[in-house]
Amino acid sequence: MPDTPSLRPPLCEAQAESAQNGKAAVEVTELSRSFGSLVAVDRLSLSLPAGQIFGLLGPNGAGKSTTIKMLTTLLPPTSGTAMVAGFDIARRPGRVRRSIGYVPQVISAEGSLSGYENLLVFAKLYGIRRSLRAERIQQVLEFMGLTDVQNVVVQKYSGGMIRRLEIALALVHQPPILFLDEPTVGLDPTARQMVWEHIQQLRNELGTTIFMTTHQMGEADELCDVVAIMHEGRIRAVGTPAELKAGVGDGATLDDVFAFYTADQTDDRGGYKDVVRVRRTASRLG
Ligand SMILES: Nc1ncnc2c1ncn2[C@@H]1O[C@H](COP(=O)(O)OP(=O)(O)O)[C@@H](O)[C@H]1O
Ligand SMILES: [Mg+2]
């Protein structure tokens, strides 16, 4: 990794402030969202300390995107509350939005514009002063490894470059908290690795709190400090990848943990634990 350009000071101040206050970066209390009779998110409670990389895992339809949309103030909850960067998502949505970056599951960059032009639009949207814009844009371009392609139209970018640009767009106002919905879906392994490195660099060097969703277990295992397994709107388990694996069985992988907690409720979980154990032992014996 090349040296990180100076995105550092403002983010570190935000980080230091939240650490000083001893506040959680994200505090979710009994948050629910229904669509008609469907309970998409069911009384979700979570607490993320500042500087954590948190992974919300779950199969399609588990409620991950609905959770992120509520926390980013795009969708009102049916009930419950959440504090993001110390602000109530229902009462202070403007302050929440200024404190977060959000990379949605769907493509958010404009294909007919260059990377630079996309960033300029976002810098204006976020009200970054004209005198600061050019410098700020160059900083995020450099941070995400896109300086050389800044004047190329996004239509010509690879999938990995588009994803990195979208992360850059979410960082232009230097938020202390970043929400990423399925950040590496559809990327090849090399592009995925590059996105992972940038996410880690953000946290390690700038102290950014990362709230991400994924259904790729390898990604969660490598990147996340803490993961929560969500199924049918509810959190089934929360812990470090190591804790969750140990809880399911000797030699279990995060894939096993995922299968264990998202299995049909009529399945015998004890039975599953046995299967994991037997399979691991068998593979060790050759
Ligand atoms: N706007 C909506 N209207 C109706 N149902 C929705 C809407 N958004 C999501 N859902 C439903 O809520 C559930 C959770 O969806 P979502 O949060 O997108 O899951 P995930 O991101 O984990 O795949 C799904 O059953 C989905 O069909
Ligand atoms: Mg989703």
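The values are calculated or read from the model by the stated rules, or taken from the named source; none is laboratory data. These numbers come from a predicted model, not from an experiment. Glycine also receives a Cβ, built like all others from the backbone with ideal geometry; neighbour counts cover every protein chain displayed.
Taking the criterion of being surrounded by fewer than 17 Cβ atoms within 10 Å (Cβ to Cβ) and among the hydrophobic types (A, V, I, L, M, F, W, C), the residues of the range 107-117 that qualify are 107, 113.
Only one residue in 64, 69 is touching a strand residue (DSSP E or B) at 6+ places or on another chain (Cβ under 8 Å), within 16 Å of ligand 2 (Cβ to nearest atom) and in the same structural domain as residue 230 (by TED's automatic domain parsing), so which one is that?
Numbers: 69 fails: touching a strand residue (DSSP E or B) at 6+ places or on another chain (Cβ under 8 Å).
It is 64.
Scanning the range 141-190 for residues that are of a type in the set (D, E, K, R), more than 25 Å from residue 218 (Cβ to Cβ) and touching a residue at least 24 places away in the same chain (Cβ under 8 Å) turns up just one, 142.
For the range 65-94, the candidate set comprises residues that are in a helix (DSSP H, G or I) and crowded, with 16+ Cβ neighbours inside 10 Å; within that set, the residue that is farthest from ligand 1 (Cβ to nearest atom) is 93.
Across the range 220-253, the qualifying residues are those that are acidic (Asp, Glu) and within 30 Å of residue 78 (Cβ to Cβ), and the one among them that is surrounded by the fewest Cβ atoms within 10 Å (Cβ to Cβ) is 225.
Taking (1) free of Cβ contacts under 8 Å to residues at least 12 places away in the same chain; (2) not in a loop (DSSP other than H, G, I, E, B) in turn, residue 120 satisfies each apart from (1).
Residue 30 passes every criterion in (1) closer than 20 Å to residue 214 by Cα; (2) part of a strand (DSSP E or B) apart from (1). In the range 44-52 there is at least one residue matching the filter, namely being within 16 Å of ligand 2 (Cβ to nearest atom) and surrounded by 22 or more Cβ atoms within 10 Å (Cβ to Cβ). Among the candidates 120, 146, 141, single out the residue that is hydrophobic (A, V, I, L, M, F, W, C), surrounded by 12 or more Cβ atoms within 10 Å (Cβ to Cβ) and over 26 Å from residue 190 (Cβ atoms). On inspection, the qualifying residue turns out to be 120.
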